[in-house]
Structures are given as C-alpha cells and as structure tokens.
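Take a look at the structure below.
The values are calculated or read from the model by the stated rules, or taken from the named source; none is laboratory data. Keep in mind that what you see is a predicted model, and the values were worked out from it rather than measured. No Cβ is skipped: glycine too gets one built from the backbone with ideal geometry, and neighbour counts run over all protein chains shown.
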C-alpha cells in the first residue's frame, strides 16, 4: 500500500514583497537639508539686491531734487532784481546823454558846466559800480559782428571798408545780469562788402 505525502505549496526562490517604507539613505537626507537653506539664502539675497536698488534710486532722485531746488533758489536770488535793474537802465542812459551833451570846449569855457559834468560823471561812475557789484554788465559792441542774441538792429548803412554785419554805431548800450540778457544793445550795422574784414570805427559822440 502506498502512503501519500502532503504537498509543499511553497514556491522556491520567491522574493519577498518590496517594503514601501524603506529607510532613506543618509546622503539624500544631507542633500535635502543643504538645499533648503541655500534656496532661502538666494531668495533673501535677491530681495536685498532689489531693496538696495530701490534705495539707491530714491537717494538719487532726492539728490536731483535738492540740486534743482538749490539752482532755483540761486536763480531767484540772482535775478530777483532784474525788473528793478531794468528800470535803472533809463537812469544810466540819461546820465550818459547828459555827459555827451557837454563838450570839452563848453567845459573849458564855463566853470559851472565843468562842475556839472564832473558831478554827473561821478554819479554815473557810482551807478555803474553798483551795477557791476550786482552782476550787471554793459554791452558796448562797437566794431564787433552783429549777434542776434545780444544786439538789436535799428538801421543798416553802406559803409565803405566795413564787412556786412559789422556794428558801426551803438545807439543804446545793452546790459546783461549774471550773463543773462537784460536789454539788447541797439545798434546800426554795415551792409558792407563781402570779403572785407571788420575793424573800422564811427564817431558816436553826439
């Protein structure tokens, strides 16, 4: 009689199922730990750079505003008297006309006229000194070339030996205040001949 042996259900060489909770290696943990603060540092550095840029822009803008206001303040201080100075030019013109009206011959013949001339001349000198002190300068362009930025043409005349545009007579001197035009010089210019250099003079005494 044959005896039956129980059947072995186990499968030879069968691998155990994978463990989903296998431990992470130490190297991976270290890399992750290092990556987190590095990214944070980079983010903070970018924000810091942006903040610094904004601060620098704000400082530059503030400095430009300060310089602009300072320039406006200086200009206001320099040119505040422009209207008053322009009114005084008529006084200077009248003093010059009074001096031109008294000839050397008249002074020699009349002591009173000579004293008047000396007094008017002294007054004009003081006025011009005050002008100079306040940045006001006279423009007397006789013999110079016409400059539309500083001169106003009253007449043109054919003058032999004078180049076109040469100022041959100053009818009324001009003035500047701190290099800014206060009043243009009123002048007469030569029509002239092309190719002839300027340099001649006219007698402007009246």
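From the residues in the stretch 113-137 that are touching a strand residue (DSSP E or B) at 6+ places or on another chain (Cβ under 6 Å) and at negative phi, which one is surrounded by the fewest Cβ atoms within 10 Å (Cβ to Cβ)?
For the stretch 113-137, the residue satisfying everything is 137.
Does the stretch 164-178 hold any residues that are under 19 Å from residue 95 (Cα atoms) and part of a loop (DSSP other than H, G, I, E, B), and which are they?
173
Which is more than 10 Å from residue 185 (Cα to Cα) and in a loop (DSSP other than H, G, I, E, B), of 161, 119?
Just a single option satisfies the conditions, and that option is 161.
Given the condition buried (at least 16 other Cβ atoms within 10 Å of the Cβ) and in contact with a helix residue (DSSP H, G or I) (Cβ under 7 Å, 6 or more places away or on another chain), answer yes or no: does some residue in the stretch 102-112 qualify?
Looking for residues that are buried (at least 16 other Cβ atoms within 10 Å of the Cβ) and in contact with a helix residue (DSSP H, G or I) (Cβ under 7 Å, 6 or more places away or on another chain), one finds at least one in the stretch 102-112, hence yes.
What is the one condition in (1) surrounded by 15 or more Cβ atoms within 10 Å (Cβ to Cβ); (2) in contact (Cβ under 8 Å) with a residue 60 or more places away in the chain; (3) not in a loop (DSSP other than H, G, I, E, B) that residue 142 does not satisfy?
(3)
Only one of 30, 24 is at pLDDT below 75, over 30 Å from residue 137 (Cβ atoms) and surrounded by 10 or more Cβ atoms within 10 Å (Cβ to Cβ); which?
30
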